[in-house]
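Okay, so here's the structure we're looking at.
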Amino acid sequence: ILPPDIEKIEPREVVALFSKCMEFVLKRNDHKRHWNNNSMRELHARLRDECDELLWELLRHDFHKSEGCGNHIVGPDLCCIANEAIDIANFAMMIWDKAQKMLEEELKKNE
């Protein structure tokens, strides 16, 4: 169930920007099967995969930073970290969307 007066809430600038990045990635993947065709457990497995990918990118970034690698460019690492964070958020949103719809259906049944 959505919080009361949800339409009156204005997102912070960073939240609005982040959600636009999420939408960009979702639109880029519109050709793929819709998440409604996946179970929440399947989506959770994908979410965990994305968390593992983020951890890998963080570790890789930390390693390169600590090694002082002369030919290491920080920008691409940070870009990968940011992209993995977007992927995680999208899978979390998909799970939220499915749970929200299921809750709405349950509430309608019990009216």
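Looking only at region 32-60, count every residue that is outside any helix (DSSP H, G or I) and modelled with pLDDT under 95 and tell me the total. Break it down stepwise before answering.
Going through region 32-60, the residues outside any helix (DSSP H, G or I) turn out to be 32-34, 38-39.
Pick out the ones that are also modelled with pLDDT under 95 and you get 32-34.
Number of matching residues: 3.
Going by what's in this entry, would VAL74 be described as at pLDDT 95 or above and at negative phi? Break it down stepwise before answering.
Working: at pLDDT 95 or above: no; at negative phi: yes.
Taking the combined requirement at face value, the residue does not satisfy it.
Listed by first and then second residue, the pairs with beta-carbon distance under 6 Å, at least 6 apart or on different chains, first residue in region 8-23 and of a type outside the set (A, V, I, L, M), second assigned to a helix (DSSP H, G or I) and open to solvent by less than 80 Å² (accessible area, probe 1.4 Å), are CYS21/ILE86. With respect to (1) among the hydrophobic types (A, V, I, L, M, F, W, C); (2) open to solvent by 50 Å² or more (accessible area, probe 1.4 Å); (3) modelled with pLDDT of 90 or more, the lone exception for ILE95 is condition (2). Give all pairs with beta carbons closer than 8 Å in which a residue from region 39-63 that is within 16 Å of GLU84 (Cβ to Cβ) and buried (at least 16 other Cβ atoms within 10 Å of the Cβ) meets a residue that is acidic (Asp, Glu) and at pLDDT below 90; count only pairs at least 6 apart in sequence or on separate chains. Every condition considered, the pairs that remain are GLU57/ASP77; HIS61/ASP77.
The values are calculated or read from the model by the stated rules, or taken from the named source; none is laboratory data. Here the structure is a predicted model, which means the values were calculated and not measured. So basically every Cβ, Gly included, is an ideal-geometry build from the backbone, and we count neighbours across all protein chains shown. These accessible areas exclude ligands, DNA and RNA; they are computed on the full protein's heavy atoms, side chains included. Shrake-Rupley method; radii C 1.70, N 1.55, O 1.52, S 1.80 Å.
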